[in-house]
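Peer 1: Provided herewith is a single structure, encoded as structure tokens, for subsequent inquiry.
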Amino acid sequence: MEEFMQYYEKVYPQLYRTALYYMRNRQEAEDAVQDAVLAAYEKFYQLRDKDKFAPWIMRILVNRCRKRMREWFRKEEDIAEVSISQEPDFATSSAVKQVFWELKEEERLIVALSVFGGYTSEEIAGILDKNHSTVRSRYRRALQKMRKKLEV
């Protein structure tokens, strides 16, 4: 338990920021992080290389967020009704937020993991189970889309 907590304390801010940007709702983000942490704690003994804790738990979080999003759509709730928290630590410009949410889901996730989580393209590739050059090109294209829309 103590070893798990040491690793968890280092990555919690990244987990929460990623979940918040993915879920667009503070309570849902907290629930997703809690679900991911519980699942990670239960399987922590299976993690052989503890240095890979951060990408491992981030992958669990991403899967939990996706599952929650699918449940929302199954319930036919309007996802646009869910509003993002107005905390200044996460974004100060409403224009940037709007453009960010206009990206495709995978593009948002890659940008969020890179910018807010601080992960490299190789780490993101491991989390998403994709080639790192694919991740780099999608990241670059997503930023270009954002720049283009913000210039208008």
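Peer 1: Would you check if there is a residue in the stretch 6-18 being among the charged types (D, E, K, R) and modelled with pLDDT of 90 or more?
Peer 2: yes
Results for (1) open to solvent by 40 Å² or more (accessible area, probe 1.4 Å); (2) touching a helix residue (DSSP H, G or I) at 6+ places or on another chain (Cβ under 8 Å); (3) in a helix (DSSP H, G or I); (4) aliphatic (A, V, I, L, M), shown as yes or no for each residue.
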site: 114; (1), (2), (3), (4): no, yes, yes, no
site: 118; (1), (2), (3), (4): yes, yes, no, no
site: 123; (1), (2), (3), (4): yes, yes, yes, no
site: 127; (1), (2), (3), (4): no, yes, yes, yes
site: 137; (1), (2), (3), (4): no, no, yes, no
site: 140; (1), (2), (3), (4): yes, no, yes, no
site: 144; (1), (2), (3), (4): yes, no, yes, no
site: 147; (1), (2), (3), (4): yes, no, yes, no
site: 150; (1), (2), (3), (4): yes, yes, yes, yes
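Peer 1: Let me ask something else about it. Note down all Cβ pairs under 6 Å where the first residue falls in the stretch 9-31 and is in a loop (DSSP other than H, G, I, E, B), the second is among the β-branched types (Val, Ile, Thr) and buried (at least 16 other Cβ atoms within 10 Å of the Cβ), and they're at least six residues apart or on different chains.
Peer 2: 24/84
Peer 1: Now a separate question. Of all residues being open to solvent by 10 Å² or more (accessible area, probe 1.4 Å) and in contact with a helix residue (DSSP H, G or I) (Cβ under 6 Å, 6 or more places away or on another chain) in the stretch 22-40, which is nearest to residue 123 (Cα to Cα)? Just the residue, please.
Peer 2: Once the filter is applied, the top-ranked residue is 22.
Peer 1: Right, something else. Hey, among the residues in the stretch 98-112 that are buried (at least 19 other Cβ atoms within 10 Å of the Cβ) and of a type in the set (A, V, I, L, M), which one's nearest to residue 62 (Cα to Cα)?
Peer 2: 109
Peer 1: Taking into account only those residues within the stretch 1-21 that are hydrophobic (A, V, I, L, M, F, W, C) and over 11 Å from residue 53 (Cα atoms), which is most open to solvent (accessible area, probe 1.4 Å)?
Peer 2: My answer is 1.
Peer 1: Among (1) under 16 Å from the mean Cα position of the chain (by Cα); (2) of a type in the set (Phe, Trp, Tyr); (3) modelled with pLDDT under 90, where does residue 56 come up short?
Peer 2: Going through (1) under 16 Å from the mean Cα position of the chain (by Cα); (2) of a type in the set (Phe, Trp, Tyr); (3) modelled with pLDDT under 90 one by one, residue 56 breaks only (3).
Peer 1: Can you go through 70, 48, 74 and tell me which one is modelled with pLDDT under 90, open to solvent by 80 Å² or more (accessible area, probe 1.4 Å) and under 23 Å from residue 130 (Cα atoms)?
Peer 2: On the way: 48 fails: modelled with pLDDT under 90; 74 fails: under 23 Å from residue 130 (Cα atoms).
Criteria check complete, one pass: 70.
The values are calculated or read from the model by the stated rules, or taken from the named source; none is laboratory data. Keep in mind it's a predicted model, so treat the numbers as computed, not measured. With ideal geometry, Cβ positions are generated from the backbone for all residues, glycine too; neighbour counts draw on all protein chains shown. Calculation scope for accessible area: heavy atoms of the full protein, side chains included, ligands and nucleic acids excluded. Shrake-Rupley method; radii C 1.70, N 1.55, O 1.52, S 1.80 Å.
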